[in-house]
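Rule-based calculations on the coordinates, nothing more; no lab input. As the structure is a computational prediction, the values presented were derived from the model and not from experiment. As a convention, Cβ positions derive from the backbone with ideal geometry for all residues, glycine included, and neighbour counts pool all protein chains shown.
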Amino acid sequence: MTPPTPTWPSIMILGVRVHRLSWADALHGVELLMADGRQHQIGTVNPEFVMQAQHDPAFLNLLNSLDMAWPDGIGLLWAAKLLRCPIPARVTGSDGVPRMAKLAAQHGWKLFLLGAAPGVAAAAAVQLQKRWSALQIVGSFAGSPAPAEENAIIQRVNAAQPDILFVAYGAPAQDYWIQRNLPRLTSVRLAMGIGGSLDFIVGKQQRAPAWVQRIGLEWLYRLWREPWRWRRQLALPRFAVAVLHQHRRKDTICQNSKAEVSNGA
Ligand code: UDP
């Protein structure tokens, strides 16, 4: 009999469900999802995703049907704390990809890296394989999220027979890409949108120093390194204001495992 799909504690932030995970929960979660015989989608949710979902009902739907919605974005941790339903850790795609690669090497799961600029996925595959010699990366390809390319990409991925597919086309394109195409990817048990993670692995972009991450200012560092992000990051103050309204309304749904509790009291 197929085991039920696992669930995790969660919080609804502006209508978007985010799982309240530690790193141990997230990685154990990957093991559970890989074992249940179904196909799964993981997303790395941040405040920009949440604000996009406010005017994009299809994206809201997609986010709320993710099998795991990782809390990637310090703003979500701030919101969860304010709404008295704390999230234990910031579980990011950039840190998650190498951690999942290590897990894949231990379990013998095969990876495929899709997306990023030409040559980046292949170079990231080399880097990851250097770190974990048992890791099997069965394919890498830049391609593009354009629907006209989908059939060719699906053929390529199916020919390589990976267990896990990482898709680096940026949000929301990568997450829509997975939602549209996962049923046609015959071998893939887990697909995850990973944004700029491959750029970090190859050193094309640099993560903020650990101390900057610790004080919650990685977003500011990224804005400094990539100033073109200013328009996207306008979502952050809008997110903060909307969360303050949610706090005032006292209508937060804080789910602990099975029982749902409202923090309205
Ligand atoms: N990207 C791509 N094709 C596209 C758009 C984006 O391959 O049509 C890649 C881009 O090269 C980068 C990643 O998608 O590697 C998106 O990175 P971004 O920094 O926007 O994502 P974030 O980390 O902010 O989610």
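Give me the dipole magnitude in Debye, nearest 20, for the chain about the Cα centre, with unit charges on the beta carbon: positive for Lys and Arg, negative for Asp and Glu.
Values: 28 positive and 17 negative charges, 119 e Å.
So the magnitude is around 580 debye.
Output the Kirkwood hydrodynamic radius of the range 49-200, Cα pairs only, in Å rounded to one decimal.
16.2
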Select from Thr92, Thr186, Thr44 the residue whose mean-square fluctuation is largest in a Gaussian network model of the chain (Cα-Cα springs shorter than 10 Å). Thr186
Simple spin-label estimate for Arg232/Val212, 7 Å along Cα→Cβ, in nm, reads 1.6
First obtain the Kirkwood hydrodynamic radius of the range 116-265 from its Cα pairs, then insert it into the Stokes-Einstein equation at 20 °C and 1.002 mPa s, and state the resulting D in µm² per second as a whole number. 116
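Multiply the residue separation of Arg156 and Arg84 by 0.36 nm, subtract the distance between their alpha-carbon atoms, and state the gained length in nm to one decimal.
Net length gain for the segment: 21.3 nm.
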Dipole size in debye (nearest 20) for the range 73-155 around its Cα centre, Lys and Arg Cβ +1, Asp and Glu Cβ -1? 500
Once a ≥ b ≥ c are taken as the square roots of the eigenvalues of the Cα gyration tensor of the range 1-93, is the result rounded (a/c under 1.5), prolate (a/b larger than b/c) or oblate (a/b not larger than b/c)? oblate
Least to most buried among Ile137, Ile153, by other C-beta atoms within 10 Å and fewest first, runs Ile153, Ile137
Note: the chain, point scatterers on Cα, Debye, no solvent; log10 I/I(0) at q = 0.10, 0.11, 0.12, 0.14 Å⁻¹ equals -0.49, -0.60, -0.71, -0.98
Rounded if a/c is under 1.5, else prolate if a/b is larger than b/c, else oblate: which is the range 128-183, with a ≥ b ≥ c the root eigenvalues of its Cα gyration tensor? prolate
Using θ = phi - 60° and Karplus 6.51 cos²θ - 1.76 cosθ + 1.60, couplings along the range 121-137 (whole Hz; Gly, Pro as x): 5, 5, 5, 5, 4, 4, 4, 5, 5, 5, 6, 10, 5, 7, 5, 9, 9
GNM of the chain, Cα pairs under 10 angstrom: of Arg180, Arg189, Arg17, the biggest fluctuation goes to Arg180
Which is farthest toward the positive dipole end of the range 116-221 among Val157, Gly203, Ala142, measuring Cα position about the Cα centre, with Cβ charges +1 (Lys, Arg) and -1 (Asp, Glu)? Gly203
Distance-filtered residues of the range 165-197 - backbone nitrogen under 15 Å, label point 7 angstrom along Asp56 Cα→Cβ: 168-180, 193-196
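Quote the Stokes-Einstein diffusion coefficient, in whole µm² s⁻¹, for the range 10-50, based on the Kirkwood radius over alpha carbon pairs, a temperature of 37 °C and a viscosity of 0.692 mPa s.
For these conditions, the coefficient is 283 µm²/s.
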Which of the listed residues, Val241, Gln255, Leu66, is farthest toward the dipole's positive end in the chain, when Lys, Arg count +1 and Asp, Glu count -1 at the beta-carbon? Val241
